[in-house]
Amino acid sequence: ASLFGHFFEHPEFLVVSRLFRVLRVLRLLEISSELKAVEQKIVSIIPTIFSFALLLGILLYIYSIIGIYLFSHHKYESADFSTLGDAFISLFQLMTLDGWSDMMHAASKHYNNSWWIKGYFVSFVILTAIISFNVFVAVLTSQVHEKVIEDQKQNKKQLKDIKGELAETEQEVQQGFKQVLAELQALRTEIEQIKKQK
């Protein structure tokens with residue numbers, strides 16, 4: 001009874017439950033064979049995505065440790081290198097290119113605009129936002145391309161097998177047809193011999 005009373009007091013829960021009807025769109029994946037093929041290709045590249053995320057995490061971890069020692073556990077206006085977790089979050093924000101130049105200038109002005117500090121930020125942006133993501137997209141594209149080529153090869157092989165089976169069936173039909181013709185010819189000669197005997 002208290003559950004129903006809760007729903008009457010807070011009817012917004014019913015609205016949220018109605019939103020789950022949107023998930024009916026996922027039924028389209030079962031209907032279309034092309035969507036199923038795309039879904040299978042996406043699922044097949046998930047291990048690559050996890051490997052890339054692991055490499056990116058290692059890179060973030062290394063730069064976080066370097067940042068903590070480089071900035072001596074300091075916290076700046078838009079960059080926080082006081083702890084490992086805060087440095088990790090700051091570098092993640094830097095990786096998304098969200099105000100990365102502000103972060104770089106805020107940290108470097110405390111070190112007389114040192115090129116070492118600027119080099120730290122610029123090298124991180126180049127390694128993560130530019131190189132890593134381009135390599136990631138290239139690897140995913142090549143993997144999807146390989147899957148498409150593999151599927152095409154399998155389809156061609158299946159077509160060859162079907163053609164081979166059809167050719168064998170055609171040969172069997174022709175042999176059977178020849179045998180039937182030979183038997184008909186033999187019957188005709190027997191009938192003619194019987195007619196001659198009469």
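The values are calculated or read from the model by the stated rules, or taken from the named source; none is laboratory data. Just so it is clear, the model here is predicted, and its values are computed rather than measured. As a convention, Cβ positions derive from the backbone with ideal geometry for all residues, glycine included, and neighbour counts pool all protein chains shown. Side chains included, ligands, DNA and RNA excluded: accessible areas come from the protein's heavy atoms. Shrake-Rupley method; radii C 1.70, N 1.55, O 1.52, S 1.80 Å.
How much of the accessible area of the stretch 72-198, in percent, comes from carbon and sulfur atoms when a 1.4 Å probe is used?
Working: 5690 of 9700 Å².
Here carbon and sulfur together make up 59 percent of the probe-accessible area.
List the residues, sorted by chain then number, that are 5 or more residues from Asp80 or on another chain and whose placed amide H is less than 5 Å from its amide H.
Those lying under 5 Å, H to H, from Asp80 are Ser90.
Estimate the FRET efficiency between His110 and Leu59 by the formula 1/(1 + (r/R0)^6), using the beta-carbon distance for r and 25 Å for R0, to the nearest 0.05.
Working from the Cβ atoms, E equals 0.50.
For a quick check of understanding: with a 1.4 angstrom probe and all protein chains in place, what accessible area in square angstrom does His73 have, to the nearest ten?
Solvent-accessible area, nearest 10 Å²: 100 Å².
Let's test the formula: R0 of 22 Å, r as the Cβ-Cβ distance of Asp102 and Ser123. What FRET efficiency results, to the nearest 0.05?
0.80
Student exercise: in the stretch 100-198, how many lysine pairs 8 or more apart or on different chains have Cα atoms under 19 Å apart?
Close lysine pairs found across the stretch 100-198: 4.
Determine the sum of side-chain charges near Gln154: Lys and Arg each +1, Asp and Glu each -1, restricted to other residues whose C-beta is under 12 angstrom from that of Gln154.
Here the count lands on +2.
If you average the alpha carbon positions of the stretch 123-198 and of the stretch 65-90, how far apart do those two centres end up, in angstrom?
63
How much accessible area per residue does the stretch 48-198 have, counting only protein heavy atoms and a probe of 1.4 Å, in square angstrom? Walk me through the intermediate numbers first.
On the way: 11120 Å² over 151 residues.
Accessible area per residue: 74 Å².
Which ³J(HN,Hα) values in Hz, rounded to whole numbers, follow from the phi angles of the stretch 149-162 under the Karplus curve 6.51 cos²θ - 1.76 cosθ + 1.60, where θ = phi - 60° and Gly and Pro get x?
Values, residue by residue: 5, 4, 4, 5, 4, 5, 5, 5, 5, 4, 5, 4, 4, 5 Hz.
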